[in-house]
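The values are calculated or read from the model by the stated rules, or taken from the named source; none is laboratory data. All values derive from a computational prediction rather than experimental measurement. We place every Cβ from the backbone using ideal geometry, glycine too, and count neighbours over all the protein chains shown.
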Amino acid sequence: MAASPEFLVTVPTRGDGREPGRQDRGDWRPDARRPLPSFVTDPRAGASRPSDHLAQVGRAAEIATVGGALVPFDPEGEEALVVAAGLLRQSRHLRVVAGFHPGVATPVYAAKFSASLQRFAEGRLGWQLDVDLDPAVARSQGDFLTGADRYARAEEFLTVAKGVWHEEGYTHEGRFYQVLAGGFQSPNSGLPFPRVHLGGTAPEALALSARHADVHLFTAGEDVAAGVAALSERAAAEGREVAYGLRVPVLAREDEDEAWAGVRGLWALAGAPGDPPGPDPRTGLWPGFATIGGSTPLGLVGSYETVAAGIRGYLDQGVTTFVLEARPAVEETYRLGERLLPLFAKEIERVH
């Protein structure tokens, strides 16, 4: 029986994404603070604090029953693990995936930090490991490993993190990490390990996911069908099954005209020359999201029905987890939860 589709929204780690370059929500840019109206007499420096805006995004996802949120690793933005902790603290049902890279801490510390979060949030934390960073970004984070060594370390990181999580008295002597008689005791033992999200299409990435991923995330524009086939074969050889996901920007509206009017408006605000390009006739993906502030170039634009049809195309390829990115995050999260996701009620009912 097919798995039920699940959806997550992407939490912005800098600014609010209402317009390219506009970042005054959450006090991200002090020079862009909106002045307080005269009737506000308390000593706030601006209209909101960083935590206020992020909490609103998480609350919107929970109220609109999106189900989950991804806080991506962003070397220039807020720390994803801290943001995830805040979102878990102020929600009751929201699943939160925190992005980080394996060089951020020892696997024992990352596991201990996460065990406390799992205990406080009743098992709603997930991990997304960003392994193959741009070399300049990696060095800026104090990480000078390159090439295949990054995947070797990530594998050992996950092996050790799972080892101390599940086994009292755990010992490990490896290339990157050593642990002697470690392992968690009550109350941090016996908790569900964070659901591990990985990505990438390189052979090393697929090998790592085959051994450790719960969900392998593709990016819109990658050859998803080929990736699913290759990883399924590798995972089967390891005696495991991996779920498949997709990170994709979306701009969905009531009809096509409204959606493309929104694209043209954002294109102009970004100062991009000429008219925005149309979608790729072969894939249906629009290539301009990076220009209007998205994290990746390719995504889905159109009516709610058109965007839902694009997502169903990936469902047919075996993808069941969809990480949607839409800006501005608060307003668009409500749109997605209230207008787009109900179009998948039949898929969810068929599974259950």
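Just to verify a result, which residue in region 176-218, among those that are in a loop (DSSP other than H, G, I, E, B) and of a type in the set (Phe, Trp, Tyr), is nearest to the chain's Cα centre (by Cα)?
Here the residue is 193.
Tally up the residues in region 316-330 that are modelled with pLDDT of 95 or more and in a helix (DSSP H, G or I), please.
0
Looking at region 291-310, which of its residues are outside any strand (DSSP E or B), at pLDDT 95 or above and more than 13 Å from residue 218 (Cβ to Cβ)?
Once the filter is applied, which keeps residues that are outside any strand (DSSP E or B), at pLDDT 95 or above and more than 13 Å from residue 218 (Cβ to Cβ), region 291-310 yields 297, 304, 305, 306, 307, 308, 309, 310.
In this structure, does residue 333 turn out to be modelled with pLDDT of 95 or more, closer than 20 Å to residue 68 by Cα and part of a strand (DSSP E or B)?
no
Can you work out which of the residues in region 235-256 that are at negative phi and of a type in the set (Gly, Ala, Ser) is surrounded by the most Cβ atoms within 10 Å (Cβ to Cβ)?
245
Look at residue 259 and say whether it is in a helix (DSSP H, G or I) and either without any contact (Cβ under 8 Å) to a residue 12 or more places away in the chain or surrounded by fewer than 18 Cβ atoms within 10 Å (Cβ to Cβ) (or both).
no
Let's see how each residue does on (1) modelled with pLDDT of 90 or more; (2) of a type in the set (S, T, N, Q); (3) surrounded by fewer than 15 Cβ atoms within 10 Å (Cβ to Cβ); (4) in contact with a helix residue (DSSP H, G or I) (Cβ under 9 Å, 6 or more places away or on another chain):
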{"position": "2", "(1), (2), (3), (4)": "no, no, yes, yes"}
{"position": "20", "(1), (2), (3), (4)": "no, no, no, yes"}
{"position": "82", "(1), (2), (3), (4)": "yes, no, yes, no"}
{"position": "102", "(1), (2), (3), (4)": "yes, no, no, yes"}
{"position": "109", "(1), (2), (3), (4)": "yes, no, yes, no"}
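I'd like to know if region 191-204 contains one or more residues that are surrounded by 13 or more Cβ atoms within 10 Å (Cβ to Cβ), more than 23 Å from residue 324 (Cα to Cα) and among the aromatic types (Phe, Trp, Tyr).
yes
Report yes if some residue within region 54-62 is of a type in the set (Val, Ile, Thr), at pLDDT 95 or above and either over 14 Å from the mean Cα position of the chain (by Cα) or outside any loop (DSSP other than H, G, I, E, B) (or both); otherwise report no.
no
Please state which one of 51, 38 is surrounded by fewer than 17 Cβ atoms within 10 Å (Cβ to Cβ), outside any loop (DSSP other than H, G, I, E, B), modelled with pLDDT of 65 or more and small (Gly, Ala, Ser).
51
Only one residue in 211, 240, 264 is farther than 26 Å from residue 111 by Cα and of a type in the set (Lys, Arg), so which one is that?
The conditions single out 264.
Wholly within region 73-166, which helices (runs of 4 or more DSSP H) include no fewer than the required count, namely at least 2 residues that are out of contact with any Asp or Glu (no Cβ under 9 Å at 6 or more places or on another chain) and touching a residue at least 40 places away in the same chain (Cβ under 8 Å)?
80-89, 107-121, 148-166
Here's a check for you: in region 134-176, which residue that is in contact with a Pro (Cβ under 7 Å, 6 or more places away or on another chain) and under 20 Å from residue 209 (Cα atoms) is surrounded by the fewest Cβ atoms within 10 Å (Cβ to Cβ)?
That would be 146.
Out of the residues in region 205-220 meeting the condition of being under 14 Å from residue 152 (Cα atoms) and free of Cβ contacts under 8 Å to residues at least 60 places away in the same chain, tell me which one is surrounded by the most Cβ atoms within 10 Å (Cβ to Cβ).
Taking the candidates together, the pick is 209.
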